[in-house]
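I have placed the structure first, in the form of C-alpha cells, so that the comments after it can refer back to it.
Throughout, read-outs are computed from the coordinates displayed, never taken from laboratory work. Source: prediction; values computed, not measured. In this analysis, Cβ positions are derived from the backbone assuming ideal geometry, glycine residues included, and neighbour counts consider all displayed protein chains.
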Amino acid sequence: MEIFGSNQTEFNHPAQNPTHSSAFIFFHKKTSKMSGSSNLVAMKKVVQQLRFEASINRVKVSQAAADLQQFCMQNALQDPLLTGVSSSTNPFRPQKVCSFL
Amino acid sequence: MCDQTFVAATFGPCESCGKASPLMNIYIKTEAINFCSFCVELMTCQVLQGGESVASLKRESDNLKKKLEEERGKLNDIELHQVAEKSEVLGAFAIKTRRLLKGHGNKVLCMDWCKDKRRLVSSSQDGKVIVWDAFTLNKEHGVTLPCTWVMACAYAPSGCAVACGGLDNKCSVFPLSLDKNENLNAKKKSVAMHTNYVSGCTFTSSDMQILTSSGDGTCALWDVESGQLLQSFHGHTADVLSLDLAPSETGNTFVSGGSDMKANIWDMRSGQNIQSFETHESDINCVKYYPSGDAFASASDDATCRFFDLRADREVAIYQKDSIIFGASSVDFSLSGRLLFAGYNDYTINVWDVLKGTRVSVLFGHENRVSRLRVSPDGTALCSASWDNTLRIWS
C-alpha cells in the first residue's frame, strides 16, 4: 500500500491542505485498520456506490436477448469455428511431410 | 442528491484542486461542477457527514440493495434461451487437436495470441515465457524470469512486445527483437508494482498502456514508458483473478472478476465501478467480453459459467450440467459469439451454445487441468494451455 500511496500524485495534495481534514482520514482509510471513523467512511462509500448503481438505465431482457441473437446471426458466416473450414484453407491443417523428388 | 446528479467524463483542470486529471462533470441542482474524481468523493463525504451514523447508513444500503434487486427483477420478462428457440440448432461439431506445443518444463499457466493470428506467447510455472509460431511450431523467443508461477502474459497489439507477471508482484514488458542472439532479459522493463501477485495483464489499444489485476484486490492502469500509475480501481474485497478489456476501440471499460464472487465493470478514465454482478457461488476464475461488447461471460469454481448482459444489468444464462462438478478455469467466445469455450479442472473443454444454453461438444485431450483458453484473432483456431505442460491448438 505504501508503494501505491507514493505513486498516486493526485491523492497527495489534499493532505497538505489543512481545511480538508476529512480528506486526511479518507486517505488513510486504505492503510489503517478499521476504526470507528473509517467504518463510517467505508459505509458511506458503499451507500454512494449503491446509489450510483441504482440510477443507471436498464433495458428489458427481451430487448437485450434479441440484440445478442441478432449479433450472432449477423456474424455467424464469418465465424470459422462455427461454419467449419475445409482442410485446404485451414492454416492449421496437418503438416505434410516434404520429400525431395 | 443521486436523482439529480449525472456523471460524464472529460479531461482538464479540476475546479477544486487545480490539477489536470480526468474530470467528472457533475450537475448539482442544474449547476455544473467540474471536479476530479477525488474532489467529488471529498465533497460527497463532507455532505454526508451531517448527522449520519453507521446504523442509518447500513439501513440505507440494505434498502438500496433490495431496490436494485427489484429493479433488475422487473426487466426479466423472458429468458435468453426462450428467445433463442427460434434460431436453428447447431450442426455436428467437429474440431480436433491440430498442433501440440511441447517445450515447457512445467505447468503452462497463461497464453495469449498475437494480432498476426499465428504467433502466441505462453508462460509457465517454471518462470519461462516462450513465443511460438503456431503454424510451424517454431519457438521464436524464450525468456526466463527470476520468479516462478508466471500467471499472466499478454502480447502487445503491435506484436513487438510481450508483458508478463506473476509471483514477483510486478508486470514486466519485454520488447521482442528479430535478433535471435539478443538477450531479452537485458531489455526488460518493470512496469507495474503491486503488493501481491499479478493475476492478469493486458495491453490496452496501444503498446503504451497496460492494465493489470492483482491478488491485492485492485486493478491498475500503467503507462509503459514511465512506469507511472495512471489509474487504480478499488472495489473488490478479495483477490482479483481475471480481467478483460471491452472490444470496441472507443470503449473505455473493462470487466474484472475475483475471489469475492463478484464481477465488476469499471470505467478506465474515472476509476469508477459502473456495474457489479454477484450471482456466482464461488471464486470467479475468468471473465471475457462478448464480441459485441454488450455482455460478458464468467467461469467459476462453482462449476458453472454464467452470461451477464450489461444493458439489462443481470445474469441472462447459466451454463451448467449435473455431470460437471469441477470448476471452470477459463472461457472464450468464438468470433460470432455463438459458441462459448470453457476449460475445466477435469481436463476437458466444454463447448456451449451461448443462446440456447446447451452443451454442443466436449473436447478431450489434455492430461491435466486446462488453465487458459483463447480463440485466435481471426477465429480459425482455439488454443488451450494446460497443467500437463503442453498447449493444444484446435481447429
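For chain B, what is the calculated [θ] at 222 nm in deg cm²/dmol (nearest 500), taking -39500 (n - 2.57) for each run of four or more DSSP H residues and dividing by its residue count? If you can, show how the numbers build up before the last one.
Working: 3 runs with 37 residues, N = 395.
About -3000 deg cm²/dmol.
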Subject >> GNM result for chain B, Cα springs below 10 Å: residue of B:261, B:208, B:111 fluctuating most strongly >> reply: B:208
Original post:
If one puts a single equal scatterer on every Cα of the protein assembly as shown and applies the Debye formula without solvent, what log₁₀ I(q)/I(0) results at q = 0.06, 0.08, 0.13 Å⁻¹?
Top reply: -0.29, -0.51, -1.28
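Between residue B:358 and residue B:88, what length comes free when the chain is fully extended (0.36 nm per residue of separation minus the Cα-Cα distance, one decimal in nm)? Working shown, then result.
Numbers: separation 270, 0.36 × 270 = 97.20 nm, distance 1.28 nm.
Taking residue B:358 through residue B:88 to full extension adds about 95.9 nm, to one decimal.
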**OP:** Give, in nm to one decimal, the length gained when the segment between residue A:90 and residue A:70 is fully stretched (0.36 nm per residue of separation minus the Cα-Cα distance).
**Re:** 4.5 nm
**OP:** Note down the nm distance, to one decimal, between modelled labels 7 Å out along Cα→Cβ at residue B:66 and at residue B:106.
**Re:** 5.2
Subject >> Pairwise label distance in nanometres, residue B:234 with residue A:101, each label 7 Å out on the Cα-Cβ vector >> reply: 7.1
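First select every other residue whose beta carbon is under 15 angstrom from the beta carbon of residue B:245; then total the charges, Lys and Arg +1, Asp and Glu -1. Kindly include the intermediate steps, with their values, before the conclusion.
On the way: positive: B:115, B:269, B:288, B:374; negative: B:112, B:207, B:244, B:249, B:267, B:294, B:332.
Here the count lands on -3.
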Original post:
Tell me, how many Å apart are the Cα centres for region B:347-373 and for region A:39-69?
Top reply: 31
Original post:
Could you give the length gained on full extension between residue B:115 and residue B:368, defined as 0.36 nm per residue of separation minus the Cα-Cα distance, in nm?
Top reply: 88.3 nm
Subject >> Degrees between helix B:37-48 axis and first principal axis of chain B (Cα, 0 to 90, nearest 10) >> reply: 40
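Grab the beta carbon distance between residue B:56 and residue B:326, set R0 = 51 Å, and tell me the FRET efficiency rounded to 0.05.
So the FRET efficiency works out to roughly 0.70.
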**OP:** Neighbouring Cβ atoms within 10 Å as the yardstick, rank B:306, B:372 fewest first.
**Re:** B:306, B:372
Original post:
If one computes the Cα centroid of region B:251-303 and of region B:320-339, what distance in Å separates the two points?
Top reply: 15
Original post:
Among all the lysines, which ones have a C-alpha under 30 Å from residue B:102's C-alpha, if same-chain residues fewer than 8 places away are not counted?
Top reply: A:96, B:115, B:117, B:128, B:139, B:170, B:180, B:187, B:188, B:189, B:288
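When Cβ neighbours within 10 Å are restricted to other protein chains, what is their mean count per residue of peptide A:78-88? Mind dumping the intermediate values first?
Numbers: counts 4, 11, 11, 18, 11, 3, 6, 4, 0, 1, 0.
Partner-chain Cβ atoms within 10 Å, mean over residues of A:78-88: 6.
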Subject >> Equivalent ellipsoid, region B:237-355 (semi-axes from 5 times Cα gyration tensor eigenvalues, Å) >> reply: 22, 16, 12
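Kirkwood hydrodynamic radius (Cα pairs, Å) of region B:301-395? The partial results should precede the final answer.
Details: mean 1/r = 0.0742 Å⁻¹.
Final number for the Kirkwood radius of region B:301-395 is 13.5 Å.
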**OP:** Over all alpha-carbon pairs of chain B, lay out the pair-distance distribution in 20 Å bins, whole %, shortest bin first.
**Re:** 26, 55, 18, 1
**OP:** Find out how many positive minus negative residues lie around residue B:105, taking Lys and Arg as positive, Asp and Glu as negative, among other residues whose Cβ is under 11 Å from that of residue B:105.
**Re:** +2
Original post:
Which angle between 0 and 90 degrees, to the nearest 10, do you get for helix B:54-74 versus the longest principal axis of chain B when only C-alpha atoms count?
Top reply: 60
